[in-house]
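K.L.:
Structure in structure tokens, see below.
The values are calculated or read from the model by the stated rules, or taken from the named source; none is laboratory data. In this text, all values refer to a predicted model and were calculated from it rather than measured experimentally. Methodologically, a virtual Cβ is constructed for each residue, glycine included, from the backbone with ideal geometry; neighbour enumeration extends over all protein chains shown.
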Amino acid sequence: MKTITICGKEHKIGCNALTYVKYREKFKRGIFDDIKILQNFLNKQVMLVNELKKENPDLDDTLVISSLSSLMLDDMDLFAEAATRIAYIMIYTANEKVEEYEEWLRNIPSLKTNDEWIAEVTEFAVSCFC
């Protein structure tokens, strides 16, 4: 078990064989499909950052992030959905009394692709299933 912080609120997360089953039951898809979405997004992000810096060596980090946001826009919906589904099911694994997914989402006032908890959840899921 591990603790993550999402928008200032701590959540215990867990993972076991039942997590995979509950994920498919709740979201009608496999957790590996969503892990792949997160990995592809992060890989694409790294590749684009490297390309931007190679083409424009004097580009500062603020401009890189700004450019990256517009280049990654088409992928952000899938990324956000996958990240929140994985986080939710891991929180559910640790605490079956957590509110329903949609209600849980209401309690997240902002979601950024570089939120630390997304990386923590992804690493935890990968270490559990892969």
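K.L.:
Taking Ile4, is it closer than 24 Å to Val126 by Cα, among the aliphatic types (A, V, I, L, M), out of contact with any Lys or Arg (no Cβ under 7 Å at 6 or more places or on another chain) and not in a helix (DSSP H, G or I)?
P.N.:
yes
K.L.:
Looking at region 94-130, which of the residues that are β-branched (Val, Ile, Thr) and under 30 Å from Asp61 (Cα atoms) is modelled with the lowest pLDDT?
P.N.:
My answer is Thr113.
K.L.:
Here's something else I'd like to know. Does any residue of region 46-69 turn out to be touching a residue at least 12 places away in the same chain (Cβ under 8 Å), outside any loop (DSSP other than H, G, I, E, B) and charged (D, E, K, R)?
P.N.:
Narrowing region 46-69 to residues touching a residue at least 12 places away in the same chain (Cβ under 8 Å): 48-49, 52, 64, 67-68.
Then drop every residue that is not outside any loop (DSSP other than H, G, I, E, B), which leaves 48-49, 52, 64, 67-68.
Now narrow it down to the ones that are charged (D, E, K, R): none.
Scanning region 46-69 turns up no residue that is touching a residue at least 12 places away in the same chain (Cβ under 8 Å), outside any loop (DSSP other than H, G, I, E, B) and charged (D, E, K, R).
K.L.:
Sticking with this structure for a sec: So which residues in region 31-59 are touching a Cys at 6+ places or on another chain (Cβ under 9 Å) and exposed (fewer than 12 other Cβ atoms within 10 Å of the Cβ)? Working first, answer last.
P.N.:
Residues of region 31-59 that are touching a Cys at 6+ places or on another chain (Cβ under 9 Å), as a first pass: 32, 35.
Those that are touching a Cys at 6+ places or on another chain (Cβ under 9 Å) and exposed (fewer than 12 other Cβ atoms within 10 Å of the Cβ): none in region 31-59.
K.L.:
As an exercise: evaluate Glu99 against (1) without any contact (Cβ under 8 Å) to a residue 40 or more places away in the chain; (2) within 18 Å of Ile6 (Cα to Cα); (3) part of a helix (DSSP H, G or I) and give the number of the one condition it does not meet.
P.N.:
For Glu99, the exception is condition (3).
K.L.:
Now for a different question. Being at pLDDT 90 or above, part of a helix (DSSP H, G or I), of a type in the set (Val, Ile, Thr) and over 18 Å from Asn16 (Cα atoms) is the requirement here; does Ile91 meet it?
P.N.:
Judged against the criteria, Ile91 is not a match.
K.L.:
Do you know which residues across region 1-38 are free of Cβ contacts under 8 Å to residues at least 40 places away in the same chain and not charged (D, E, K, R)?
P.N.:
Those that are free of Cβ contacts under 8 Å to residues at least 40 places away in the same chain and not charged (D, E, K, R): Thr3, Gly8, Ala17, Val21, Gly30.
K.L.:
Being more than 12 Å from the chain's Cα centre (by Cα) and touching a residue at least 60 places away in the same chain (Cβ under 8 Å) is the filter; apply it to region 102-126 and report the residue that is surrounded by the most Cβ atoms within 10 Å (Cβ to Cβ).
P.N.:
Looking at residues that are more than 12 Å from the chain's Cα centre (by Cα) and touching a residue at least 60 places away in the same chain (Cβ under 8 Å), I get Ile108.
K.L.:
Would you confirm whether or not region 15-29 contains a residue that is outside any helix (DSSP H, G or I), within 22 Å of Cys130 (Cβ to Cβ) and at pLDDT below 95?
P.N.:
yes
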